[in-house]
There are 2 protein chains.
Amino acid sequence: MASPRSPQGQSAHQVRSLSRQNHVTNTAGLAPGYLQANLLILPSRYAEDFHNLCLRNPVSCPLLGLTSKGNPHTIYPSTCIQEKDFDLRTDCPKYRIYKDGKYLESRTDLLNLWTDDYVGFLIGCSFSFEDALSETGLKPKHQITGTMVSMYKTCIPLLASGIFKGGTCIVSMRPYRAEDVERVRDVTRPYLATHGEPVDWGWDALERLGIRDIESPDFGERQDFEEDEVPVFWACGVTPQMAIESAGDRIEGLVFAHEPGHMLITDFTVKDLESLGKPRYN
Amino acid sequence: MASPRSPQGQSAHQVRSLSRQNHVTNTAGLAPGYLQANLLILPSRYAEDFHNLCLRNPVSCPLLGLTSKGNPHTIYPSTCIQEKDFDLRTDCPKYRIYKDGKYLESRTDLLNLWTDDYVGFLIGCSFSFEDALSETGLKPKHQITGTMVSMYKTCIPLLASGIFKGGTCIVSMRPYRAEDVERVRDVTRPYLATHGEPVDWGWDALERLGIRDIESPDFGERQDFEEDEVPVFWACGVTPQMAIESAGDRIEGLVFAHEPGHMLITDFTVKDLESLGKPRYN
């Protein structure tokens, strides 16, 4: 089967093969041009609630693909991951194991834990719109300074779906000059499947989002602001993981996710992003 | 072309034909079993922002179908409205005209106002899940008392899309006994394209939603509560109309909508609802 190849480096398939052999430590910068995905794997009885959670909250939880029950070899839609020897249990570089909503341990594969009752979900992450920002001269500050993006809990409700209820959205924050905000919105707007345009911006957004202290992010590292800069907030792929944690012991059985920074590489490219997240009519 | 027919009464096509001839005053109870749609028609330069607004906020703005630019005869997907002589300018019983985000006047057709620059959007409404609730012995109180459902402005942000920014969500409210809430959630959960399950419930939801006084709805009529009843809140189809109003004079040119209660009848049936709002993989 033909494997798409990035002009600058490894193909998505190559990185997945290297991950399977445990030769990959983290995926930042690997297989440039290909979309990387957050991963969540749940017992099937919670799959419909989680699927609907994604469909009801597509900006926080943009669904790129999913497995059928018990099948770790095929992702739908088929364009998401194309080769037939794909294995969801090995082809992500590192996995996190959760029990009762709490982190238990990390592993390099799920071969001994997977059962034919599991369903896997691939969820878009923000890497791609950050590339687009950099290419138009709007490189995010945390990339310039080599720090982690700031993330905050908000009061924006994650719209309930079955057992996933009472959750709120996590946002990531990038400082930009006030005069650049409309351009930042324009550049990120097309990328519906990787959180799209900001959900809010400006200093008065803090009150609307219920963020008390911009200096104290809940995750990641604090960012400095120049005098003419304001915070710009995007929906964040940590949200679905927090939804699992807040479901806690309402979930019986183990839940699996990717290890932060150790993403699953898909065969979707930045070019596919323009159509992802939009319905097809035929 | 075959026209789907409701077993209990007129077909969707028949109601649209009667609407075209101005023989329909309002559509409550007409063409039972068929989905009725909220209507919004905008100049094409705002169509992509509005389309993305629906895709980013699918619980408040569940998109059932749309036209291509300037074509009032065809709705995509083609299953939404099937006959070839359909005309979006005449087949809704009554239309509202907006200018600069303000109501201007109502008309029975748009023939003299339509230009080849307009794009129309059909958005799901709550009629169908109310039928499902009634059929399982959970008839909404406003239907029992013959009043209008209560609607409230909330502090939940409508996630920004281009010119549509700074808006918040409207919710509808139906009182239910606390012990029935989980059943109410279960019954409405499948109907993703008509707002789906509640967004919040219980007396402590008022603070989360920013609703100060349950006795004073912003739209519709107040509802009485028995001692064991709590408010249950759903996303509401008034939200997209409020988004247009709050965009105000950022929109140049006239905007059209249905007259409240005078909906556009689609060929989608309650049975289609189970798949609407869910992606198809093929």
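The values are calculated or read from the model by the stated rules, or taken from the named source; none is laboratory data. Treat the numbers as computed from the prediction; the structure is a model and nothing was measured. So basically every Cβ, Gly included, is an ideal-geometry build from the backbone, and we count neighbours across all protein chains shown. Side chains included, ligands, DNA and RNA excluded: accessible areas come from the protein's heavy atoms. Shrake-Rupley method; radii C 1.70, N 1.55, O 1.52, S 1.80 Å.
Exactly one residue out of A:Arg185, A:Arg174 is under 25 Å from B:Leu158 (Cβ atoms), within 14 Å of another protein chain (Cβ to nearest Cβ) and either buried (at least 17 other Cβ atoms within 10 Å of the Cβ) or of a type in the set (A, V, I, L, M, F, W, C) (or both), and it is A:Arg185. Against the numbered list (1) modelled with pLDDT of 95 or more; (2) under 18 Å from the mean Cα position of the chain (by Cα); (3) open to solvent by less than 10 Å² (accessible area, probe 1.4 Å), B:Ala31 comes up short only at (1). Only one entry in B:Ser78, B:Ser106, B:Ser17, B:Ser11 is modelled with pLDDT of 95 or more and small (Gly, Ala, Ser), namely B:Ser106.
The single condition from (1) within 14 Å of chain B (Cβ to nearest Cβ); (2) free of Cβ contacts under 8 Å to residues at least 12 places away in the same chain; (3) in contact with a helix residue (DSSP H, G or I) (Cβ under 8 Å, 6 or more places away or on another chain) that A:Lys139 fails is (1). A residue that is crowded, with 17+ Cβ neighbours inside 10 Å, at pLDDT 95 or above, in a loop (DSSP other than H, G, I, E, B) and away from chain A (no Cβ under 14 Å) occurs somewhere in segment B:221-231.
Tell me yes or no: at least one residue of segment A:202-216 is surrounded by 15 or more Cβ atoms within 10 Å (Cβ to Cβ) and closer than 25 Å to A:Phe268 by Cβ. Scanning segment A:202-216 turns up no residue that is surrounded by 15 or more Cβ atoms within 10 Å (Cβ to Cβ) and closer than 25 Å to A:Phe268 by Cβ. Filtered by the rule that a residue be within 14 Å of another protein chain (Cβ to nearest Cβ) and either of a type in the set (A, V, I, L, M, F, W, C) or at positive phi (or both), segment A:142-162 gives A:Cys155, A:Ile156, A:Leu158, A:Leu159, A:Ala160, A:Gly162.
Against the conditions (1) within 14 Å of chain A (Cβ to nearest Cβ); (2) more than 26 Å from B:Ala28 (Cα to Cα), B:Thr67 satisfies every one except (2). If only residues of segment A:52-83 that are of a type outside the set (A, V, I, L, M, F, W, C) and within 21 Å of B:Leu53 (Cα to Cα) are counted, the one that is most open to solvent (accessible area, probe 1.4 Å) is A:Pro58. Against the test of being open to solvent by 10 Å² or more (accessible area, probe 1.4 Å), of a type in the set (Lys, Arg), outside the structural domain of B:Trp234 (by the TED database) and within 21 Å of B:Leu159 (Cα to Cα), the options B:Arg96, B:Arg45 yield a single qualifying residue, B:Arg45.
With the structure loaded, tell me whether B:Ile163 is of a type in the set (A, V, I, L, M, F, W, C), more than 27 Å from A:Glu48 (Cβ to Cβ) and crowded, with 19+ Cβ neighbours inside 10 Å or whether it fails that test. The answer is no for B:Ile163.
Here B:Cys236 meets the list (1) under 16 Å from the mean Cα position of the chain (by Cα); (2) within 14 Å of another protein chain (Cβ to nearest Cβ); (3) at positive phi almost entirely, failing just condition (3).
Under the condition of being among the hydrophobic types (A, V, I, L, M, F, W, C) and assigned to a helix (DSSP H, G or I), which residue from segment A:232-262 is surrounded by the most Cβ atoms within 10 Å (Cβ to Cβ)? Step by step, filter segment A:232-262, then rank; the result is A:Ala243. When A:Gly196 is tested against (1) within 14 Å of chain B (Cβ to nearest Cβ); (2) in contact with a helix residue (DSSP H, G or I) (Cβ under 8 Å, 6 or more places away or on another chain); (3) surrounded by fewer than 23 Cβ atoms within 10 Å (Cβ to Cβ), exactly one condition is not met: (3). Scanning segment B:248-265 for any residue that is among the aliphatic types (A, V, I, L, M) and within 14 Å of chain A (Cβ to nearest Cβ) turns up nothing.
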